[in-house]
Amino acid sequence: MKTQLPLALLAWLAAPLIACAQPARPQVQQAELVATYPHDEAAFTQGLFIHDGVLFESTGQVGQSSLRRVELESGDVVQQVNINPPVFGEGSARIGDAIYMLSWLSQTGMVFDADSFDLIDQFSYAGEGWGLTTDGTHLILSDGSPQLRFLDPETMELTGTLDVTLNGRPVRRINELEWVGTEIWANIWQTSSIVRIDPQTGIVTGLVDLTGLLPAGLADPRDAVANGIAWNRETGQIYVTGKLWPVLYEIRLPDRAE
């Protein structure tokens with residue numbers, strides 16, 4: 001089940017992340033806190049994005065999955081559509097007037113009208129669905145493997161794949177995705193690291209360390225992991241949160257400081 005990871009696998013994943021601190025390796029940068037905002041601590045965050053200054057979020061767990069429009073400053077959910085069981089909701093992204101949302105194991109995606117949240121279409125894909133983002137033309141899907149899939153949003157046909165590597169090794173457990181500037185950012189499941197991926201080569205060019213932002217006293221640290229990245233294209237602001245986190249953080253990196 002996606003809410004657990006054997007310790008041996010976690011140790012294997014952590015090894016290349018630690019190795020990144022060596023010279024000539026991808027730079028590891030500590031996220032700098034800019035501001036904090038309330039976040040629904042019952043939200044099992046699977047997708048997060050901003051469109052025209054408005055925050056959208058998709059959540060998971062069977063019987064608790066939803067698509068939401070959220071007031072950023074207060075954390076209040078101002079619009080919501082619930083996803084009926086047995087679907088376990090996953091990542092989401094918007095292109096034009098449509099919001100696309102994945103499911104974990106159902107091999108079915110949903111398309112919602114971005115204004116009304118009415119379900120207007122469904123689509124199928126092989127394997128699992130984890131994270132979803134867009135470069136403005138394609139949908140980009142993660143499934144927990146080291147390979148990202150590029151989909152045509154009109155036909156849902158596969159238009160390309162991208163193998164993600166860090167120090168020459170495949171990066172597994174790629175979870176929530178966000179297009180940030182000219183890069184793909186991705187949470188790595190059950191770690192506090194975000195990888196910055198070159199969309200042309202798949203090479204991880206840097207890592208963002210969220211360790212200092214992890215809320216203390218979370219009920220279940222195995223489930224309440226960092227997950228959720230949102231980039232405001234108009235302002236350049238970056239927001240992050242996690243599953244069951246009571247806080248949404250605005251962050252910046254040292255090289256992005258004004």
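Selection over region 194-223 of residues that are among the β-branched types (Val, Ile, Thr), more than 17 Å from Asp163 (Cα to Cα) and open to solvent by less than 40 Å² (accessible area, probe 1.4 Å) gives a count of 1.
Is it fair to say Arg233 is among the charged types (D, E, K, R), farther than 18 Å from Gln46 by Cβ and part of a loop (DSSP other than H, G, I, E, B)? It is true that Arg233 is among the charged types (D, E, K, R), farther than 18 Å from Gln46 by Cβ and part of a loop (DSSP other than H, G, I, E, B).
Only one entry of Leu151, Leu177, Leu139, Leu132 meets the criterion of being more than 15 Å from the chain's Cα centre (by Cα) and of a type outside the set (Gly, Ala, Ser), and that entry is Leu151. Checked against (1) open to solvent by 40 Å² or more (accessible area, probe 1.4 Å); (2) within 20 Å of Gly96 (Cβ to Cβ); (3) aliphatic (A, V, I, L, M), Leu151 meets all criteria but (1).
Being buried (at least 23 other Cβ atoms within 10 Å of the Cβ) and either part of a strand (DSSP E or B) or touching a strand residue (DSSP E or B) at 6+ places or on another chain (Cβ under 9 Å) (or both) is not true of Thr191. Entry remark, region 108-148: residues being surrounded by 18 or more Cβ atoms within 10 Å (Cβ to Cβ), of a type in the set (Asp, Glu) and more than 22 Å from Ser66 (Cβ to Cβ) number 0 in total. Here the strands (runs of 3 or more DSSP E) wholly within region 71-171 that include at least 3 residues being among the hydrophobic types (A, V, I, L, M, F, W, C) are 77-82, 98-103, 108-113, 119-124, 139-141, 147-151.
Each row is one residue, and each column tells you yes or no for (1) in contact (Cβ under 8 Å) with a residue 24 or more places away in the chain; (2) closer than 19 Å to Gly160 by Cβ.
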{"position": "Leu55", "(1), (2)": "yes, no"}
{"position": "Gly60", "(1), (2)": "yes, no"}
{"position": "Gly63", "(1), (2)": "no, no"}
{"position": "Val77", "(1), (2)": "yes, no"}
{"position": "Pro85", "(1), (2)": "no, no"}
{"position": "Val111", "(1), (2)": "no, no"}
{"position": "Trp130", "(1), (2)": "yes, yes"}
{"position": "Leu139", "(1), (2)": "yes, yes"}
{"position": "Ser142", "(1), (2)": "yes, yes"}
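Given the criteria closer than 19 Å to Ala186 by Cα, among the basic types (Lys, Arg) and modelled with pLDDT of 95 or more, does Arg69 qualify? When the stated conditions are applied, Arg69 does not pass them.
The values are calculated or read from the model by the stated rules, or taken from the named source; none is laboratory data. Worth saying up front: this structure is predicted, and the values here are computed from it rather than measured. As a convention, Cβ positions derive from the backbone with ideal geometry for all residues, glycine included, and neighbour counts pool all protein chains shown. Accessible surface is based on the protein model in full, side chains and every heavy atom, while ligands, DNA and RNA are left aside. Shrake-Rupley method; radii C 1.70, N 1.55, O 1.52, S 1.80 Å.
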